[in-house]
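Novice: Dropping a structure here in structure tokens format, bear with me for questions.
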Amino acid sequence: MRKVAVYRKANFNAAHRLYREDWSDAHNKAVFGLCANKNYHGHNYTLEVKVVGEIDPETGYVIDLKLLNDLIESEVHDKLDHNNLNLDVPAFKNLNPTGENIVWVIYDLLRAKLDPKFELKVKLWETERNYFEYPVN
Ligand code: NI
């Protein structure tokens with residue numbers, strides 16, 4: 001059976017701050033720049049979820065896009081949107097919410113609920129020019 005990649009895009013808004021508590025303010029500022037600002041800042045994140053699987057001969061679908069959309073809603077949007085990633089999202093309690101870390105956290109959230117028969121890849125745009133991908137390859 002033919003394998004096809006299915007993509008679904010989504011958006012969420014969230015605030016974050018990049019810093020380490022075990023570093024001085026000066027060291028945090030030197031490494032993270034404006035991203036270390038005490039009062040947080042926001043991003044409009046764009047997410048692209050890629051699901052690869054075989055076409056079901058009965059439906060012609062790889063995955064019902066409604067089901068994929070519901071999964072993104074419940075696992076990503078509901079947990080991250082309009083939240084402060086550092087303060088409101090348990091995964092980032094002791095993990096810097098960089099694009100690098102957010103993208104694999106989102107992957108893990110989706111992977112836990114997605115049928116293992118599908119391959120999964122996640123891309124995350126933090127700005128128009130900066131984006132992240134997990135897993136690699
Ligand atoms: Ni930022």
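Novice: Picking from Glu100, Glu75, Glu133, Glu128, which residue would you name as being free of Cβ contacts under 8 Å to residues at least 40 places away in the same chain and assigned to a loop (DSSP other than H, G, I, E, B)?
Specialist: Just a single option satisfies the conditions, and that option is Glu128.
Novice: Here are some conditions: (1) loosely packed, with under 12 Cβ neighbours inside 10 Å; (2) in contact (Cβ under 8 Å) with a residue 12 or more places away in the chain. Gly33 meets all but one. Which one does it not meet?
Specialist: (2)
Novice: Which one of the conditions (1) of a type outside the set (Ser, Thr, Tyr); (2) out of contact with any helix residue (DSSP H, G or I) (no Cβ under 6 Å at 6 or more places or on another chain); (3) modelled with pLDDT of 95 or more does Leu18 fail to meet, given that it meets all the rest?
Specialist: All conditions pass for Leu18, except number (2).
Novice: A follow-up question, please. Just to be sure, is Asn96 within 16 Å of the ligand (Cβ to nearest atom) and more than 20 Å from the chain's Cα centre (by Cα)?
Specialist: Considered against the rule, which asks whether it is within 16 Å of the ligand (Cβ to nearest atom) and more than 20 Å from the chain's Cα centre (by Cα), Asn96 comes out as no.
Novice: Given (1) surrounded by 17 or more Cβ atoms within 10 Å (Cβ to Cβ); (2) under 14 Å from the mean Cα position of the chain (by Cα), where does Leu68 come up short, assuming only one miss?
Specialist: Condition not satisfied by Leu68: (2).
The values are calculated or read from the model by the stated rules, or taken from the named source; none is laboratory data. Everything numeric in this text was worked out from a predicted model, so none of it was measured. Cβ: placed from backbone, ideal geometry, glycine included. Neighbour counts: every protein chain shown.
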